[in-house]
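Novice: Just passing along the structure, written as structure tokens.
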Amino acid sequence: MNNILTIMGLCKTFGALKAVNDVTFDVYENEILGIIGPNGAGKTTLFNVIVGIYRPDGGDITFRGRSIKNLLPHNICRIGITKTSQIVHPFLTLTVKENILVANMFGQNLNKRESEKKADEIMEFLGLTDVMNMHSATISLLKRRKLELARALGTGAEVILMDENLAGLNPVELEEGMEIIRELKRRGKTLVIVEHIMKAIMGVCERTVVLNYGEKIAEGTPYEVCSDERVITAYLGKKICCQ
Ligand SMILES: Nc1ncnc2c1ncn2[C@@H]1O[C@H](COP(=O)(O)OP(=O)(O)OP(=O)(O)O)[C@@H](O)[C@H]1O
Ligand SMILES: [Mg+2]
């Protein structure tokens, strides 16, 4: 397995709060890695540091062996790492398709014709074609979550960090969302997924990292971490059926 992303001793503080505290793990090329942990554990902050929204206060992040900790977010996106946001951030006055076109044009430097083709493919894949001409402010939260992923795919980045992109879905929608993630892996993407829905973590992730109060407390297969007493105490509350 080849490392694509390496997080080494990463720290991010807000005043006296150590939101990410000396976190180290690898992300392997073309894997689906889950990140779990209680509210406030530092999962979103970790993503924000990786994509350059926050500068780390310590440690390093390397992508294909090269440090990216001093790069700006748009440069990190162009070299191949992007994320979906827990709180969705589409351009509200643009249509769904226009939102994806922005990602295509500025993320991949595609011309208008190529961007249109790519956006159509992404909308077809995610089930957004029916709302393509609607303003993103007017579509349902489910579709906005899909649009968040569509914009990430539009950048062409090979590593996609997904922050609770499956939250609030009904069981059928959740299955569909999980299948989309599996399909993205088949298409060669590397996925890092923050989720509270353990069914999704168990169903799609090959490995899982567990954060608590900013620190990594466990790492292993989803089955292994779910059986870990520290994880049960800090997060799960009780042993869950992991098969
Ligand atoms: N911009 C900020 N300024 C100050 N404190 C922050 C900021 N962003 C996050 N925090 C704090 O850092 C800690 C980690 O927050 P973070 O949002 O990363 O947690 P999380 O694991 O994503 O939680 P959740 O599961 O609820 O989304 C929390 O205590 C939070 O209040
Ligand atoms: Mg979060």
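Novice: Using modelled backbone amide H atoms (1.01 Å from N, in-plane), which distant-in-sequence or interchain residues come within less than 5 Å of G34's amide H?
Specialist: Sorted by chain and number, the residues that satisfy this are I193, E206, R207, T208, V209.
Novice: What lysines does K216 reach when the alpha-carbon gap must be under 23 Å and sequence neighbours fewer than 8 apart in one chain are set aside?
Specialist: K12, K18, K43, K69, K83, K199, K238, K239
Novice: Here is a further query. Modelled label-to-label distance, N2 and L92, 7 Å Cα→beta-carbon offset: nm?
Specialist: Once both label points are built, they end up 4.3 nm from each other.
Novice: Sort M162, M1, M198 from largest to smallest accessible area, using a 1.4 Å probe on the heavy atoms of the protein chains.
Specialist: Sorted by accessible area, descending: M1, M198, M162.
Novice: What number comes out for accessible area per residue over region 139-243 if the probe is 1.4 Å? Units Å², please.
Specialist: Here the per-residue accessible area is 43 Å².
Novice: Of all accessible surface on region 1-41 at a 1.4 Å probe, what whole percent is carbon and sulfur?
Specialist: Solvent-exposed carbon and sulfur of region 1-41 make up 50 percent of the total.
Novice: Okay, next question. Using a 1.4 Å probe on the protein heavy atoms only, what accessible surface does R64 show? Give it in Å² to the nearest 10.
Specialist: 120
Novice: Rounded to whole Å, give me the distance from the Cα center of region 1-71 to that of region 147-163.
Specialist: 17
Novice: Starting from the amide H of I53, placed 1.01 Å from N in the peptide plane, find each other amide H under 5 Å away whose residue is 5 or more places distant or on another chain.
Specialist: none
Novice: Can you tell me the mean projection area, over all orientations, of the convex hull of the chain's alpha carbons? Units nm², please.
Specialist: It is 13.0 nm².
Novice: Another question about this same structure. Heavy atoms only, probe 1.4 angstrom, no DNA, RNA or ligands counted: give me D228, D130 ranked by accessible area, highest first. Walk me through the numbers on the way to the answer.
Specialist: Details: D228 50, D130 110 Å².
Sorted by accessible area, descending: D130, D228.
Novice: When the solvent-accessible surface of protein heavy atoms is calculated with a 1.4 angstrom probe, in what order do E148, E116 fall, highest first?
Specialist: Of E148, E116, the descending order of accessible area is E116, E148.
Novice: I would also like to ask the following. List the residues whose amide H sits under 5 Å from the amide H of L5, counting only those 5 or more places along or on another chain, with H placed 1.01 Å from N in the peptide plane.
Specialist: Here V27, R64 satisfy the definition.
Novice: Measure nothing fancy, just the Cα-based angle from helix 171-186's long axis to the longest principal axis of the chain, in degrees from 0 to 90, nearest 10.
Specialist: Tilt of helix 171-186: around 90 degrees.
The values are calculated or read from the model by the stated rules, or taken from the named source; none is laboratory data. Keep in mind that this is a model prediction, so the values were computed, not measured. Here the Cβ is made from the backbone with ideal geometry for all residues, glycine too, and neighbour counts use every protein chain on show. Note: areas computed on protein heavy atoms with side chains; ligands, DNA, RNA excluded. Shrake-Rupley method; radii C 1.70, N 1.55, O 1.52, S 1.80 Å.
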